[in-house]
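Notes follow the structure.
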Amino acid sequence: MQVNKSCYYDWCRRCDSSIDSQTWQLCHRLKALFAESRQSLGSRRLMKLLRKEGFEVGRYRVRKLMKKLGLA
C-alpha cells in the first residue's frame, strides 16, 4: 500500500472517534443523571437508573463512558 506506519495508525485512531446517536444519547443522559445526583453516583447505580429508562447498558460500559467523560 506504500503508506507510512504513522499515517496508518493515525487514521485508525481517527476512525474510533465517530459516535453513533444511541451512544450520544447515553452519554448525554449519563452526564445529566450524574449532575442531578450532585456527582455522587457510581457506575452501578447509574447503570440501574439507565436501565430503568430503557437503555441496554452494562456496568463496565458505564464505567468506561464515565472515564471518557471525566466523571468521577
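The values are calculated or read from the model by the stated rules, or taken from the named source; none is laboratory data. Since this is a predicted model, take the numbers as computed values, not measurements. Note that we place each Cβ from the backbone using ideal geometry, even for glycine, and neighbour counts take in every protein chain shown. Calculation scope for accessible area: heavy atoms of the full protein, side chains included, ligands and nucleic acids excluded. Shrake-Rupley method; radii C 1.70, N 1.55, O 1.52, S 1.80 Å.
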* To do: Answer yes or no as to whether F55 is assigned to a helix (DSSP H, G or I) and over 11 Å from the mean Cα position of the chain (by Cα).
  => no
* Could you grab the pairs with beta carbons closer than 7 Å, sequence gap of 6+ or different chains, first residue in the range 42-53 and within 19 Å of K67 (Cβ to Cβ) and among the small types (G, A, S), second one open to solvent by 90 Å² or more (accessible area, probe 1.4 Å) and outside any loop (DSSP other than H, G, I, E, B)? => S43/R63
